[in-house]
1. Going by what's in this entry, would Val119 be described as closer than 17 Å to Trp209 by Cα and not in a helix (DSSP H, G or I)?
2. Would you mind stating whether Ile206 is of a type in the set (A, V, I, L, M, F, W, C), in contact (Cβ under 8 Å) with a residue 40 or more places away in the chain and in a helix (DSSP H, G or I)?
3. Given the residues Gly181, Gly196, which is the only one that is assigned to a helix (DSSP H, G or I), surrounded by fewer than 17 Cβ atoms within 10 Å (Cβ to Cβ), modelled with pLDDT under 95 and of a type outside the set (A, V, I, L, M, F, W, C)?
Amino acid sequence: MKINNLFLVILTAILMLMVVNQVYALDSSTDDSDYHININNIERLHEALSAPESSTDDSDYHIAKLADFTDETPEASILNNSLSIMLIGILIFISFFFLIAAYVYVSLVYMALAKKVGVGPVWIAWIPIVRYYLITQIAEMHWWPLLLILGIFTPYVNWIFVLAFNVFLIIWMWKVFERVGRPGWWSLFQLIPFVGPIVFYVLLGIAAWGNKPKKASRSKPSKSRSTKKSKRR
């Protein structure tokens, strides 16, 4: 139990490091984009103020350049921009809703599978990355391949660690399906692009909440029939 608890703490720390890394990367990319936007605006302003005097009315020329710098657009362009922003916002909201729904569904599936085979703690099914430890317990396999997640932070060769971890994940899910009495090859659906992952998680829900299939047993001859045959002899 002490080793398991220590491993959960290590996985939680890895998750926190990944979140901090993603936040830092997002902030740095935002700063870079703002920097390039400001540089472009300064260049446009410098061009507007230092343009050659090619017309007799210099004031009208500079006013036109400054109007172009301030991006003053007609009402139709403003309406189009607002509609585009609204459409992007709706798409982001729908995507976020489906991501939350999928996360809740997968967490409930892993909890049901853990309860079905009698392993725990089941609450770690709600923690990203750490939930893979629960999968190893359900599959009755070693947890050490989870350390491959550390390779994500390794530059240039991180794709090797991701590929190796996905191989182990397919093997774990194969064992999970077999432990609850389902075909292990169901785990191969996650290799099919687009539709495959959806089918995989539907089958995973069937394995979690469905009844365990009973193996067909051969019917033994009844005693009455055997006694009749012995009497005839």
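The values are calculated or read from the model by the stated rules, or taken from the named source; none is laboratory data. Please read these numbers as outputs of a predicted model, since none were measured by experiment. Virtual Cβ from ideal backbone geometry, glycine too; neighbours counted across all protein chains shown.
1. Details: closer than 17 Å to Trp209 by Cα: yes; not in a helix (DSSP H, G or I): yes.
Considered against the rule, which asks whether it is closer than 17 Å to Trp209 by Cα and not in a helix (DSSP H, G or I), Val119 comes out as yes.
2. On the way: of a type in the set (A, V, I, L, M, F, W, C): yes; in contact (Cβ under 8 Å) with a residue 40 or more places away in the chain: no; in a helix (DSSP H, G or I): yes.
It is false that Ile206 is of a type in the set (A, V, I, L, M, F, W, C), in contact (Cβ under 8 Å) with a residue 40 or more places away in the chain and in a helix (DSSP H, G or I).
3. Working: Gly181 fails: assigned to a helix (DSSP H, G or I).
Testing whether each residue is assigned to a helix (DSSP H, G or I), surrounded by fewer than 17 Cβ atoms within 10 Å (Cβ to Cβ), modelled with pLDDT under 95 and of a type outside the set (A, V, I, L, M, F, W, C) leaves just Gly196.
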